[in-house]
Amino acid sequence: MTPTLRSVAAASASAALLLALVACSGTPDAAPTPAETKTVAILDSACADDAGITVAVDASALEDGDSKEWCIGTEEPLAASDALTLVNVTTEGTDEYGDEVVCRVNGVPAENAAIPAADGSEYFEKCESMAPAFAYWGLWVKPAGGEWDYAQEGISTLELQPGESLALLFTLNGEPAAPTT
């Protein structure tokens, strides 16, 4: 056998082996059927009682800020990051701490927006490190039938159960001190 024929034979054998391995590996997972795909209802208000998961974003402490709430109708646990995605809320982290520290929610506060401090000075959020103690986004959770408390985990690891609530609250000069929903 010439070197060229040996190369062709080796390539053919490799191709045959590859095809055999693919055939033995079984069929790829099929796409989920409509019955397996879960959909959730999203309402523009807090959930009633323990039905679903409530998500709130409150930037009303800022001059042009507003407050919104949504109810995600689900009977299954949901990652906080997925809950925010479902209600079209985006967050931005900091250069130093990444997504573990929330710097902006839906672009608020804008980098060029002056944030008034209690001493009359102005602060501009650059999302480099921790926000100052007088102007920051806090991540809050409320268990079903419970009280609001700071989340003990970040958005990327926090899992919410039906009946629980999640809030991103911008606190400016100590107000508001906690979510009100």
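Each reported figure results from applying straightforward, stated rules to the coordinates on display, with no laboratory input. Please read these numbers as outputs of a predicted model, since none were measured by experiment. Every residue, glycine among them, receives a Cβ derived from its backbone with ideal geometry; neighbour counts consider all protein chains shown.
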Least to most buried among 149, 49 (fewest other Cβ within 10 Å first): 49, 149
Relative contact order (percent, whole number), the stretch 41-172, Cα cutoff 8 Å, 6+ residue spacing: 31 percent
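In debye to the nearest 20, how big a dipole does the stretch 47-126 give about its Cα centre with +1 on each Lys and Arg Cβ and -1 on each Asp and Glu Cβ?
160 debye
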Treat every Asp and Glu Cβ in the stretch 34-181 as -1 and every Lys and Arg Cβ as +1, leave all other atoms uncharged, and give the resulting dipole magnitude about the Cα centre to the nearest 20 debye. 160 debye
With R₀ set to 25 angstrom, the calculated FRET efficiency between the beta-carbons of residue 130 and residue 48, to the nearest 0.05, is 0.10
Farthest toward positive dipole pole in the stretch 41-172 [+1 Lys/Arg, -1 Asp/Glu at C-beta], among 130, 41, 65: 65
Just in the stretch 126-181: which GluC sites (Glu not before Pro) are loop by DSSP and have at most 14 other Cβ atoms within 10 Å? 128, 147, 153
Could you go through the stretch 112-127 in sequence order and give the Karplus-derived ³J(HN,Hα) for each residue, using 6.51 cos²θ - 1.76 cosθ + 1.60 with θ = phi - 60°, rounded to whole Hz, and x for Gly and Pro? 9, 8, 6, 9, x, 8, 4, 7, x, 6, 10, 10, 10, 6, 9, 6
